[in-house]
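Comments concern the structure below.
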Amino acid sequence: MAVCVAVIGKDNSPKYIKCVDETNALQFHYKVHTSIDIVEEKLNIGTKTVADNKELFLGMLYSTEEYKIFGYATNTKIKFIIVLQSSNATLRDNEVRMMFRKLHIAYANVVSDPFYIPGDQIKSRAFDSAVSEIMS
Amino acid sequence: MRSALSVILSSPVPDNKMSHPDYEQTAHDHATILVLLKPVGTQIKPKTVDRLCERIIKCGSRFTVTDSTNNQREILARYVRDYPVENTEWGDFQTHRRLLGLITFGKYENQTELNELCRLHETFKVKYVQTLYDSRTILIGPNASEKLSEPPPGFTTPFNFKTTGFFYGDDLCPDLEAQILEFLKGLFYVLDYKRLDRTREKFDKVALLKAPFEEKDFIGLDLESRNNRKRCVGRAIKHLGDLSLQAGLYSDAFNNYTSAVVTLQGVNDWLWLGAAYEGQCAVSAIMLYPNLFRSPPLQRNSSLQESSPGKQRRDSQASTLPISPTIDTVRTAKFQVLAPEDISKRYRDAIVHYSKYQNAGIIENEASFKASRISIEQNCPLQAAAFLNNMFNSIPMPEKEKIDRFTTLAELYTALGFTRKASFCLRHAALHYVSQKNQNPDWQQCYNLLLQTTSGFKLSLDPAEMSPSNRRGWPSIQIQLLNELETAANRMGNPALATRHLTFLLQTMYNYLSVNQRRDAALQLQAVSQQCEGAPVPLVLDSGIVIPPANLTNIPRTKSFVLKNLQPHLQPQKIERVKEDHGPFLFTPINFGSLDRKTISKSKVDYLWVDGDICEVTMQLVNPLPFELHVSNMRLLTNGVVFESIPESISIPAESGPIAVTLAGTPREAGELEILGFSTHCLGVKSDCQLKHVDSMIHQLYTVEVVPQLPKINVETSLPRTASFSSADNIVTSASISLYGGESAECTITITNVGQVPVEMVDISVQSTLDSLTKSKVFRWNEEDLQTQLPLQPQTSASITLYMHAAMDFVVPTSRHGSTGVYPSQPNSLLSHSGPSSLPSRLSSPSHHTKRQSEITSSFRSATNSSTGSSSGAGSSSRLSKLAAPLHASNVVEGQLRIKYSGAAGFGAGYCRVSSVFIAIEMLPSVQITGWDVLPAELPTQFYLVLDVTNMTNHEMELNYATNKRIYMEGRESCRIPIPVDRCPLNKQTLVNGSGNVDDLQKVCAEHIASLTDLNWQLLGTESKGQANLTGLTLTQNMLDLVRMSPLQWEITINEKVFKSQDELKCTLGDCVSVGVGVSNALENPLKNLTLSVNLYQDHHNGVHNYRLDSRVSIAGANKVMLPTLQESGRAYYECRVVFLTIGQYKFDIQCTSREPSLNPSVTFTELSSNAGHTWRYTPPIEIKVVDDC
């Protein structure tokens, strides 16, 4: 399903990034990195219009011939980015939302770890497995 | 890096000559008249051309003309420096693409050149002949002509030159603006005429207008069909709209476009429908956003250099430019335009329609750009981004255009505030400069563009901003970018830059690099730095960009960095001064004299370094790389006072553990020294590793106080060193010696000045655990002797003699012989009574130089012991225990001779150094006094001190205990010796009597004894000799009576003759002996209630005194008188007579008793209380021998 999953911190630095194809990882790094621009813009609009915007799902950030990039931002400005293959037309918006929700729960579990310092790189086996579940 | 190019770059170059994209276009350009500004010939300087163009653009970009109906129209003009002819072919489709005017610039010196310029101008005219309305040429010649439009005298234009030329004498061109305006007005009139021409045309007859690629599409089509007619009409109306727009009739243009839309929609002419939509948008944009028109002069890429995000840009623009009219004001004031949100909608429609035609790709791209520009103006970045996103569906095109496209995209993204996308595009543009398909790769351009991308990737080339705490961005992307920068720098022939970037990579990205990447980067750095060594200085590029220095702080990695104090004996110490009086308060928070509160930084070390001394810093280095690392020229980086660092080189094996390195240096001034870090030379790069940039360093810098120069000394002693001495502070050497108790020795201590400055002050003291009194006994030296040898010049020596004395307690504390202490009165009184009969005789016997056998002594002792009331068994057991465990095992006295010295400037600043000599004196017991007693002596001014002395050594000892009296003792032998001692005179006692304490009195007496007696011993066979003293004797009250001089002075007269104690008295039976007793008080106060008595007794010499002599002696007169008071220095005299009835030896017991002051308890006189109940006897007793006279 997903080809790349990324967690981006408050300061827009990568906290976690995993791709199906690790040899091409850098390409995804670029894609995810540039999509932060749009996430930020969307978040800016969100704060301008509705303060209590409960919708964390940011929708599709952009699409290319190969990939569609979806974004999700938590209330604490942690961003999740999922890159899907454009060819995979069967995926509905709702399914993408579900993926994000799973990711969010997995992230919340990571943060609940008392030994995790917020802002650090995520190194958690549980999170890894959650991500691979999304990507499988 | 070429391989890193993405898929987009690898698409083949198409056979597409139809148009060159103009990414700079804006919606406003639809309303402009296009004019080409072209320099011709080689004579004219680019600078002149630039200046002229600037003037033209300034005056001619926006001008007003009066049309035929006397209406004012505002006309826009667009100037280009280059325009491909192919683009004019699209002039039918969108008229603003037609090149309407041409202005050339040229400079000539002679006729030939003028001819050439004219020829060139005509060539350009021919090139754009299809669309050109008019042209001008500006010719700058050697001299000005009278009439501007005619060549100056002596020059002629060729016959085929039909253009109006402006002939200027110099490049100031005074009335250029006016001429240009005239020219532009001409263009406008032609345009307006054409427009009017069009409006008058009947739409039915109008020919089909076609886009260039449409030619073949219409071949074979029925042009007369109704559909086609409509298409013709629609296109014609749209064309008219274009012209109206250019002619400044925005209202007409909008109406035309609107009707064209209606017409074209009907015939599904998508391409032209799109164009009509675009026209509508253009009109609306012009009306709504007049500010969007490019402000002359246009500077390309200007926005890329400034890194300010787009959000800021919007704000600043809003403040500086007049506010755009709202849609309502525009609508009400003039006419109908599209609402702002409709503009982008229409643009989207247009783009969709364009996208249906493969050959209209360029038009589509241009429309996207225009639309995004308007979206930016509308402050809808997402919308703009969506338009720009469209750009990535790449049309195959040459590299140059790709670069253009990407740079324009980057520019727009920057304007949006999408810095990451902008950087992404810029990086692509940069890579296209050097892509494989690029025939002539331009690494310089590539590098410059790459450098511009850094901000978007949050990569600062200043290592300080990339510290782990505040670094942002994506490491993997940054690493790639840095690698690309390095390659580009290397390829463009700037190895210094390449070295810098690699160094930077290793410094800031070290933690994000894999082990292999680290190794590769390090090896690459080593290779690159061979061409140009890296140094920590900023590099300035041609473009003026400064690349800050980078340092290899991670290679080798610093694990610890610790400043070392000087060696203890070299540490400067403050010379204590008498404290200045700061008033009655010990502490005050107010800092007198200085307002600045002392902020003690944590990094300040609490010790001092000394000017001129080698000071050290120890570091632990780790080599993280899998090959051996040579680090050379390591030095300390300091700030503040002058510091001479000693370079250090080290080779660290591959992947080693921590390796210790000591960096040393010498401060050359006094003051504050800051240690910032260290510099290395490693992998061909010189690095300044400042502590603040090194990970996991506790302090960012260290501050050390450097004190002025101090001398250095070396200390040697004449004694052997101790095997080991208690490790401590500033001990430089040691000395050890064994001394028997009471023995003395000398030790010469040599002080050599090994420093650079003279020693001006030396102060010697001894530190030990001993109390100060003992210390002063044990260690002595001559201070003056040393002071005379000062100042001590460098490389000279001084010596001082230290006298050591083994001061011991020779008197064994009485605990073991507690019996004498606890029950002192009994044995002493016994002895005092019985002693004289036996002891003096023995002692007076010639015992000198006789060796006593231990048996005798022991028997003697046991006798003594038995006399003290303890059993003989106890005595022997005590003796046995004594042999088994000597009371005083050898004890070691440790002392430190502290030599405090200073000199030169350091002395002035109040600092000194301390070198200590550790001295260990092993004190071996020599003689020991285990018991003592006092006996009355033959003289009343003396008494006998009887001592039990033990030789504690294993050697034979000669003990000299009194004048001419000595005794030889075997090792471990004990013996008893009597020492005649003068009694303690009264004046000594009176000193004490003030306090009235018996203990004090006893002390005084003990001291008196100690001062008078000295036991000089010498070990036979060895050189050792010493002196034992008797400090520590305890005396009982009864002993004291003997020891003390009696306060009563006796004056005995026998038969009217003054009796002397040595006199032998003899009398015959029946004689009457008259005994006179005179008592005088030697005290300074009166004595009261004295009873003076004279008794006679017979001494049986076995401890029994027989006082019952009633039948043998008769006494005439009272043998007892009361003396109520005896004044000070008063005298009492009493006399009686005695008649002896039998022969024999008699003794007089003359005593004076002071009665208990029971009747008068209020008497508080201390002397009374101390003397109360005392009995003073006349000693020795007077002995009288009664003989029968026959």
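What follows draws every value from the coordinates through simple rules; no lab data is involved. Because the structure is predicted, anything quoted here is derived from the model rather than measured. As a convention, Cβ positions derive from the backbone with ideal geometry for all residues, glycine included, and neighbour counts pool all protein chains shown.
How would B:R518, A:R97 line up from fewest to most surrounding beta-carbon atoms within 10 angstrom?
On the way: B:R518 20, A:R97 16.
With the sparsest Cβ surroundings first, the list reads A:R97, B:R518.
What order do you get for B:H693, B:H569 when you list them from fewest to most C-beta neighbours inside 10 Å?
Final ranking by Cβ density, sparse to dense: B:H569, B:H693.
Stretch B:T69-B:N1055 to full length: gain in nm at 0.36 nm per residue minus the Cα-Cα span?
337.0 nm is the gain from fully extending B:T69 to B:N1055.
Taking the highest mean first, how do the peptides B:172-182, B:107-117 order by number of other beta carbon atoms within 10 angstrom per residue? If you can, show how the numbers build up before the last one.
Values: B:172-182: 15.3, B:107-117: 17.7.
In descending order of packing, they fall as B:107-117, B:172-182.
Would you mind giving the mean number of other chain beta-carbons within 10 Å of the Cβ of each residue in B:156-167, as a whole number?
Neighbouring Cβ atoms belonging to other protein chains average 0 per residue here.
Hey, what did chain A get for relative contact order, percent, Cα under 8 Å, at least 6 apart?
The normalised contact order for chain A reaches 29 percent.
How many Cβ atoms of partner chains, on average, are near each residue of A:72-84 if near means within 10 Å of its Cβ? Could you put the intermediate results ahead of the total?
Numbers: counts 0, 0, 0, 0, 0, 0, 0, 0, 0, 0, 0, 0, 0.
Shielding by partners across A:72-84 averages 0.
Specify whether the C-alpha gyration tensor of the range B:67-128 places it in the rounded, prolate or oblate class, a ≥ b ≥ c being the square roots of the eigenvalues: rounded for a/c under 1.5, otherwise prolate if a/b is larger than b/c and oblate if not.
Oblate shape, in that a/c is at least 1.5 and b/c is the bigger or equal ratio.
Work out the FRET efficiency for B:K604 and B:R780 from their Cβ-Cβ distance, taking R0 = 51 Å, and round it to the nearest 0.05.
Values: r = 42 Å, r/R0 = 0.83.
Computed FRET efficiency for B:K604 and B:R780 comes out at 0.75.
So who's got an amide H within less than 5 Å of the one on B:K38, skipping anything under 5 residues away but keeping other chains? H placed 1.01 Å off N, in plane.
It is B:I103, B:T104, B:F105, by chain and number.
In terms of the Cα gyration tensor, with a ≥ b ≥ c the square roots of its eigenvalues, is chain A rounded because a/c is under 1.5, prolate because a/b exceeds b/c, or oblate? Mind showing how you got there, number by number?
On the way: a/c = 1.42, a/b = 1.03, b/c = 1.38.
Verdict is rounded for chain A.
Take every Cα pair under 8 Å in the range B:1087-1128 that's 6+ residues apart, average their separations, divide by the length, and report that relative contact order as a whole percent.
Relative contact order here is 59 percent.
At a 10 Å Cβ-Cβ cut-off, how would you order B:Y740, B:Y257, fewest neighbours first?
With the sparsest Cβ surroundings first, the list reads B:Y740, B:Y257.
Each residue of the range B:93-105 in turn: what ³J(HN,Hα) in whole Hz from Karplus with 6.51, -1.76, 1.60 and θ = phi - 60°, glycine and Pro shown as x?
5, 9, 5, 6, 7, 6, 8, 9, x, 9, 10, 10, 10
Is the range B:635-674 rounded, prolate or oblate when judged by the Cα gyration tensor, a ≥ b ≥ c being the square roots of its eigenvalues, rounded requiring a/c under 1.5 and prolate requiring a/b larger than b/c?
prolate
Give the long-range amide H neighbours of B:T722: residues separated by 5 or more places, or on another chain, with amide H under 5 Å away, using H modelled in the peptide plane at 1.01 Å from N.
B:S734, B:A735, B:S736
Efficiency by 1/(1 + (r/R0)^6): what FRET value for B:E533 and B:Q700, r their Cβ-Cβ distance, R0 = 30 Å, to the nearest 0.05?
On the way: r = 28 Å, r/R0 = 0.92.
That pair, B:E533 with B:Q700, gives E of 0.60.
Report the Cα centroid-to-centroid distance between the range A:92-118 and the range B:167-194 in angstrom, as an integer.
69 Å
Taking the alpha-carbon distance from B:K900 and a cut-off under 19 Å, which aspartates and glutamates remain once sequence neighbours fewer than 8 residues away in the same chain are dropped?
B:E576, B:D611, B:D613, B:E716, B:D729, B:E760, B:D763, B:E783, B:E784, B:D785
Please give the average number of partner chain Cβ atoms lying within 10 Å of the Cβ of each residue in A:24-34, rounded to a whole number. Numbers along the way, then the final one.
Working: counts 0, 1, 6, 2, 1, 6, 11, 1, 3, 11, 11.
For peptide A:24-34, the averaged partner shielding equals 5.
What GluC sites (Glu not before Pro) in the range B:627-667 are in a loop by DSSP, with at most 13 other Cβ atoms within 10 Å of the Cβ?
Those satisfying the criteria are B:E628.
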